[in-house]
C-alpha cells in the first residue's frame, strides 16, 4: 500500500430545523464534491446528545437531515449516507482516541468554551470529548479530506494531531502488521496508519447571518423563526421572512466597499450572490442604486426558485419514512463494512486479542 485512497467525509448534527445557512455552507458543497470524489455523508446523531441528552423527536430529526441530503442532490447509491449511531466503531475508535488525545488539547478547544459557557463544571464529559469523536468519525474510514467551515477548523487540526500521535507512537507496530503507508510527519519519514486529513476549502464560504440581526449567524437555536429561512419553509413563508428582514433606509451601493458598516445589506446581498452562484460585486453591478423595496422581491423570487424544489422533495421523502430508513440502513451497512476493517487493523496494531 503506497498511498491513502482519497475519500471525503462530512457530517451534520440532527438538532433543530435545517436552514439556509446549513444548505449554502455545507449541503450544497456535499452535492458538488460527489461529482469528483468518493464521499461518505453522515447524520452525526451521537454528537447531538453531547449538549442536549433528551430530544423530543431525534428519529424525526435524523430523517430530516437525510432527506435534506437526498433532496439537495446527494446520491445515496453512488456514495454513502447513514446515521452515525448505526456504526458502533465510531464510538470504539473515539475511546481509543480519548486515550491518545491530551487533556490540554481538549481544554484549548474554543467551541467547548463557547458551548459550555460560564458553567463549565456542569457541562457533559461528552461535550468536552466531542472533538475526539469527530476525529474518530473521519478516521474510522481513513478519510483524507473534510469540507470545513471556520467553526470546525480547530477540530480538524485536533484530528490531525491525534492521527499524528497515533502514527508516531505505534509506527513500529504499524510497520510490523503491514497496514500502513510511508508518509512524512513534520520532516520525519514514518510508516503511519491514519492519514493527516486535509481541509477542503472551495473559496470563501458564504456566511449567512440572521435576517433580524446582520451581526449574528443564522441559527436554528434563535428564538425568532423570522431570523432564518428553514429548508422546510414554503414559498409564502420564505417571502414573508425576506420582506420582514431587517434593512437600513439607504439604497444598495454599486460596489462592495459600500457594504461596510451595513451588516443587514451585506447579508442580503451575500445570500442573493450565494443562491445565484455569483459574487457580491456581480449582484451590486445589477442592483446598485436600487432600494430594498425593489431588491427584496428579486431575492424572494430567486430564493423560492432555488429552495422550493428541495423543500418539496424533502416533504415527499419525510412522508415515506420507510424509504428514508431503508437508505440509512443500507448506508449504515456499507459504512460498517469499511469501519469494521479499520477497527480490526487498529486492534491488531494496539495489541488487543481478537
Lone unmet requirement of (1) outside any helix (DSSP H, G or I); (2) crowded, with 16+ Cβ neighbours inside 10 Å; (3) at pLDDT below 95 for residue 118: (2)
Need the failing condition index for residue 229 against (1) modelled with pLDDT of 95 or more; (2) under 16 Å from the mean Cα position of the chain (by Cα), just the number. (2)
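Yes/no per residue for (1) touching a residue at least 40 places away in the same chain (Cβ under 8 Å); (2) in a loop (DSSP other than H, G, I, E, B); (3) surrounded by fewer than 22 Cβ atoms within 10 Å (Cβ to Cβ); (4) over 16 Å from the mean Cα position of the chain (by Cα):
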site: 21; (1), (2), (3), (4): yes, no, no, no
site: 35; (1), (2), (3), (4): no, yes, yes, yes
site: 42; (1), (2), (3), (4): yes, no, no, no
site: 61; (1), (2), (3), (4): yes, no, yes, no
site: 97; (1), (2), (3), (4): yes, no, no, yes
site: 114; (1), (2), (3), (4): no, no, yes, yes
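So, residue 132, is that one out of contact with any helix residue (DSSP H, G or I) (no Cβ under 6 Å at 6 or more places or on another chain), part of a helix (DSSP H, G or I), outside the structural domain of residue 310 (by TED's automatic domain parsing) and at pLDDT 85 or above or not? Outline the logic, then answer.
Working: out of contact with any helix residue (DSSP H, G or I) (no Cβ under 6 Å at 6 or more places or on another chain): no; part of a helix (DSSP H, G or I): yes; outside the structural domain of residue 310 (by TED's automatic domain parsing): yes; at pLDDT 85 or above: yes.
When the stated conditions are applied, residue 132 does not pass them.
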Only one residue in 300, 324 is touching a helix residue (DSSP H, G or I) at 6+ places or on another chain (Cβ under 8 Å) and within 21 Å of residue 78 (Cβ to Cβ), so which one is that? 324
With the condition kept exactly as written, say whether any residue in region 137-147 is in the same structural domain as residue 341 (by TED's automatic domain parsing), at pLDDT below 95, surrounded by fewer than 18 Cβ atoms within 10 Å (Cβ to Cβ) and at negative phi. no
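Taking residue 196 as the residue in question, decide whether it is within 18 Å of residue 146 (Cβ to Cβ) and free of Cβ contacts under 8 Å to residues at least 40 places away in the same chain.
On the way: within 18 Å of residue 146 (Cβ to Cβ): yes; free of Cβ contacts under 8 Å to residues at least 40 places away in the same chain: yes.
When the stated conditions are applied, residue 196 passes them.
Each row is one residue, and each column tells you yes or no for (1) closer than 30 Å to residue 266 by Cβ; (2) in contact with a strand residue (DSSP E or B) (Cβ under 7 Å, 6 or more places away or on another chain); (3) outside the structural domain of residue 95 (by TED's automatic domain parsing); (4) outside any loop (DSSP other than H, G, I, E, B).
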{"site": "152", "(1), (2), (3), (4)": "yes, no, no, yes"}
{"site": "164", "(1), (2), (3), (4)": "no, yes, no, yes"}
{"site": "183", "(1), (2), (3), (4)": "no, yes, no, yes"}
{"site": "195", "(1), (2), (3), (4)": "no, no, no, no"}
{"site": "214", "(1), (2), (3), (4)": "yes, no, yes, no"}
{"site": "219", "(1), (2), (3), (4)": "yes, no, yes, no"}
Can you tell me which of 12, 8 is closer than 24 Å to residue 325 by Cβ, touching a strand residue (DSSP E or B) at 6+ places or on another chain (Cβ under 7 Å) and crowded, with 18+ Cβ neighbours inside 10 Å? 12
Taking only region 166-211 into account, find how many residues are closer than 30 Å to residue 20 by Cβ and touching a helix residue (DSSP H, G or I) at 6+ places or on another chain (Cβ under 8 Å). 11
Looking only at region 241-256, decide whether some residue is free of Cβ contacts under 8 Å to residues at least 40 places away in the same chain, out of contact with any helix residue (DSSP H, G or I) (no Cβ under 8 Å at 6 or more places or on another chain) and in a helix (DSSP H, G or I). no
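The values are calculated or read from the model by the stated rules, or taken from the named source; none is laboratory data. Model, not experiment: these values are computed from the prediction. Because the Cβ atoms are built from the backbone with ideal geometry, glycine has one as well, and the counts that use them run over all protein chains shown.
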